[in-house]
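The values are calculated or read from the model by the stated rules, or taken from the named source; none is laboratory data. Remember, it's a predicted structure, so these values are computed and weren't measured experimentally. Here the Cβ is made from the backbone with ideal geometry for all residues, glycine too, and neighbour counts use every protein chain on show. Keep in mind that these areas ignore ligands, DNA and RNA; they rest on the heavy atoms of the full protein, side chains included. Shrake-Rupley method; radii C 1.70, N 1.55, O 1.52, S 1.80 Å.
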Amino acid sequence: MRSLLCVLALFVGVASLEFDATDAKNRPVSKVITLLKDMLKQLEKEAAEDEEIYDKLACWCETNDKEKTKSIADAEAKIEDLTTKIEELTALSARLNTEIKNLESEVAKNQEALDKATAIREKQLAEFNAEEKDLLESISALKAAVTVLSKHQGGAFLQMPHSHLLGVATTMQHELQKHAPLLQGIISPSQRRAVASFIQAPQDYFDAKPTFKQSYAPQSGEIFGILTQMLETFQGNLAQSQKEENENQKAYEDLKAAKEAEIAAGQEQIDKKTGELADTDEKNAQAKEDIEDTKKSLSADEEFLMMLKEKCAMTDKEWEERQKTRQLEMEAVSKALAVLSGDDAHDLFTRTFNPAFVQESTKNTLRREQAAKLLSEVAKRLNSPRLSTLAYRVRLDAFTRVKKAIDDMIAQLTKEKEDEIKHKDFCVDEFNKNELQTEKKEREKKDLIAKIEDLEMTIKALADAIAKLKSEIAEMQVQMKRAGEDREKENKEFQTTVADQRATQKLLKAALTVLQDFYGKKAAFMQQHKQEPAGPPPPPGFEAYKKNAASGGVMDMISQIISDAKAMEAEAIRSEEDAQKAYEDFVKETNASIETKSKEIINKSAEKAKAEDELVETKKAKEAVMLELEQLSNYNAELHQSCDFVMKNFDVRQTARDEEIEALKQAKAILSGAKFEEFLQGA
């Protein structure tokens with residue numbers, strides 16, 4: 001249809017033409033003119049169809065060009081925004097990490113300061129308890145001595161047993177030596193000399209003769225005054241120590257409260273910033289994933305836009321070429337019509353196609369008619385425009401040109417047959433490959449979805465476990481703090497109890513010693529027979545001195561009370577040791593448990609981070625599989641568009657093409673001299 005040089009393209013669009021055999025013999029040029037007119041109409045129709053197709057393609061090009069250009073601009077803007085967001089989130093993450101480290105360092109310093117203050121406070125408390133115990137014992141001993149002296153103050157002092165005086169002297173000597181720094185500047189040198197004289201000879205320090213009663217009173221009063229002064233000094237020092245202890249305890253409690261408040265505030269800030277850091281890292285990871293997806297989408301859009309511009313440019317070029325070629329073809333057909341339709345041409349054709357010439361070519365015409373008839377019948381049965389065109393050419397053209405046209409058509413049909421077979425094989429192979437690849441990717445998609453669900457469940461379980469471990473650690477820290485406070489309170493009670501018990505024992509022992517010294521010995525000096533001096537005998541003396549009958553019971557009761565006090569002290573010490581050991585075991589076990597749980601948090605956090613990274617990679621793999629599935633689906637649609645018609649009509653088209661080839665061969669044989677009847681009988 002494209003070349004006027006090949007007998008004005010008589011092959012196309014003439015399947016529906018029917019020719020009268022008699023008119024064809026008489027007026028063959030008229031038929032050519034008619035055919036040229038039909039060709040001109042067909043060219044105009046094809047031009048209209050091409051214009052309609054081009055309009056659709058132009059609309060498609062314009063629409064997709066605008067959409068993809070906008071999509072690319074949006075993607076580039078989004079990538080720029082995401083890049084800025086990632087930079088901001090990365091900087092924020094780094095800042096939060098630094099702040100968390102600084103807060104942790106500050107909390108650690110505060111905790112260290114609190115621990116040091118606690119250690120100092122415990123040392124101060126131990127020193128105070130020891131000093132308080134010592135002072136209480138000294139005060140108790142001095143009170144006992146003052147009590148003993150106060151009972152025998154004045155004239156009765158002469159009747160005080162030697163053991164009592166010795167006990168008082170021993171107590172004074174012990175307290176002066178033990179608390180020498182404390183009594184420095186309190187006891188004057190003269191008082192120290194008096195005390196030294198009393199300690200060296202308690203009984204001889206006071207003269208028992210009545211003539212010295214006047215000097216006895218000042219000396220006994222001086223010793224009593226010194227004891228009272230020592231007692232008051234110890235009591236004042238104890239009160240001052242207790243006051244300082246209370247002040248130290250209050251200062252420690254204030255410091256402890258301040259440090260604990262700072263530690264709690266710092267920990268609260270750490271928890272808050274840790275949460276912010278987790279959110280920031282999550283947003284950063286999501287932004288990175290978004291920017292990767294956007295870049296992939298941008299790349300796909302740019303590739304499609306480049307393909308679109310290339311295809312649309314080729315379409316424009318092809319449209320121009322088709323328009324130009326069709327215009328030239330229509331001009332050629334119009335010129336041919338003008339040449340064949342002129343008056344000179346009509347006269348020439350009338351003279352050329354006269355009856356005499358027709359008679360001379362009757363034989364050749366018969367052979368033409370037989371071959372044309374065969375081709376026409378096969379063309380009608382197969383609905384083949386090419387055979388119809390060839391049948392008409394057989395009636396008009398010379399044998400040599402017709403045979404060549406038949407050979408060309410046979411070669412063309414054979415090539416079309418081979419190409420169609422190759423195309424079918426290609427379609428079958430590609431459909432099979434597409435199906436296998438689609439099934440494989442669907443399985444990958446299913447596996448990836450299952451893996452994503454498993455990873456999300458794992459991440460949730462790890463997050464819950466980490467939160468639970470943190471809660472348990474916080475609870476253990478609270479319990480350990482409470483246990484420390486309870487232990488401190490119990491230790492204070494223990495110190496007070498032991499001090500009271502020991503002071504009680506000391507006082508009771510002093511009283512028991514006094515009683516034992518008096519009642520445990522025989523009053524030998526009351527029962528001894530003294531050598532009578534020379535001279536008249538003295539008047540009757542004292543009767544035999546007898547002990548108080550209740551003295552034994554009193555001493556037994558005091559001994560029992562001392563034993564009970566010792567037992568209570570021992571029980572308190574055992575209880576304190578057990579409580580301290582239990583507290584230390586509890587602290588040790590709690591710290592070990594906290595350390596174990598902290599390690600679990602670290603391990604689970606690492607597992608969670610690994611699972612999150614794997615989840616991101618799995619989601620990316622899923623998106624890649626989805627993209628591949630989409631591409632496979634698009635390719636499958638292209639295959640259907642290209643292959644469905646061929647595969648559905650393959651057998652029919654192959655059979656029709658074989659019949660066309662066979663008809664062409666038979667027509668050529670007839671034109672070469674074969675008998676038409678043989679072909680009819682074979683058919």
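Placing R0 at 41 angstrom, the Cβ-Cβ distance between Glu614 and Glu303 gives a FRET efficiency of 0.85 after rounding to 0.05. The fraction of accessible area contributed by carbon and sulfur in segment 244-285 is 50 percent, rounded to a whole number (1.4 Å probe; ligands and nucleic acids excluded). Within straight-line reach of Lys417, meaning a Cα separation under 19 Å, sit the following aspartates and glutamates at least 8 residues removed in sequence or on another chain: Asp407, Asp408, Asp425, Asp429, Asp644, Asp651, Asp658, Glu659, Glu660, Glu662. Only lysines eight or more places from Lys37 in sequence, or on another chain, were considered; those with a Cα closer than 27 Å are Lys25, Lys45, Lys324, Lys335, Lys373, Lys380, Lys403, Lys404. Measuring how big segment 551-602 is from its alpha-carbon positions, Rg and Dmax come out at 22.1, 75 Å. Taking label points 7 Å from Cα along the Cα-to-Cβ direction, Met647 and Ser471 give a separation of 6.0 nm. Look at the dipole of segment 589-659 built from charges on Cβ: of Leu615, Cys643, Thr596, the Cα furthest out on the positive end belongs to Thr596.
Only alpha carbons enter this Debye calculation for segment 85-141, each as an equal point scatterer, and the log10 of I(q)/I(0) it gives at q = 0.13 Å⁻¹ is -0.58.
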